[in-house]
Amino acid sequence: PKGFFRSALEAGGAAVLLDGLDEVADPDLRRRVARIVEAFTRRYPANRYVVTSRIVGYQGAARLGEGYFLATVRDFDRAAVERFVRNWSTAVEVALAGRRSPTIERRAAGQAEGLLAAIQDNERVRELAVNPLLLTVIALVHRYRAKLPERRAELYEECIEVLLGYWDEARGVRGYALPGLVLDAGDKRSLLEPIAFWMQER
């Protein structure tokens with residue numbers, strides 16, 4: 001309804017989540033956005049705010065003022081990687097089966113053990129697995145490819161293929177349709193490659 005957000009902000013007690021400050025590509029615009037965020041939080045001070053950014057994009061004048069608390073997400077340690085893999089495998093198996101049972105849990109445990117062994121056996125993969133997002137992608141690659149590549153470049157290649165082929169499906173999205181055209185993973189890659197190259201150059 002009209003005024004819904006304003007009334008919630010003025011009443012206080014809202015949680016405002018602003019994700020990806022670093023994704024504002026232009027440094028001048030990013031600094032301006034940081035000042036807008038500061039003005040916004042001063043206008044509605046009774047709420048809680050979380051602003052996320054990768055470290056590389058949160059420097060100099062793009063940083064919020066001294067009144068803002070800085071927290072950094074830590075890398076996973078070995079125990080956290082193991083916990084994540086076991087929980088992720090269980091969640092996937094239960095979601096695919098539509099129910100939880102001892103058989104499903106045994107299958108999930110087997111998947112988790114296989115993935116943990118693959119991570120442990122490859123130093124380069126172990127280095128990537130401390131990052132929660134990359135660990136998720138590694139788990140997807142292992143699930144759909146059954147084997148993790150030895151070299152980092154090959155792992156990234158597999159990540160791209162799996163994300164293009166299965167990410168939308170895992171989220172319940174059944175492909176992108178243009179008038180009279182359904183895009184498969186190869187089509188998506190062909191469309192995205194020149195955009196990615198342009199972004200990398202700039």
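Some notes on this structure:
- Convex hull volume per residue in cubic angstrom - Cα atoms of the range 96-148: 81
- Estimated from helical segments only, the mean residue ellipticity of the chain at 222 nm is -18000 deg cm²/dmol, where each DSSP H run of four or more residues counts as -39500 (n - 2.57).
- Pairwise Cα distances in the range 1-49 exceed 17 Å for 42 percent of all pairs.
- Against the empirical curve 2.2 N^0.38 Å, the C-alpha radius of gyration of the chain lands at a ratio of 1.28.
- Between 0 and 90°, nearest 10: helix 185-201 axis offset from the chain longest Cα axis: 50
- Compared with the dominant Cα axis of the chain, that is its longest principal axis, helix 27-43 is turned about 70°.
- Under 5 Å, built H, 5+ apart or other chain: amide partners of Ala14: Arg48
- Portion, in percent, of the accessible area of the chain that falls on carbon or sulfur, probe 1.4 Å: 57
- GNM flexibility winner over the chain from Arg189, Arg48, Arg145 (Cα, springs under 10 Å): Arg48
The values are calculated or read from the model by the stated rules, or taken from the named source; none is laboratory data. Only a predicted model underlies this, so the values are computations on that prediction, with no experimental measurement involved. Side chains are part of the model used for accessible areas, which takes the heavy atoms of the whole protein and leaves out ligands, DNA and RNA. Shrake-Rupley method; radii C 1.70, N 1.55, O 1.52, S 1.80 Å.
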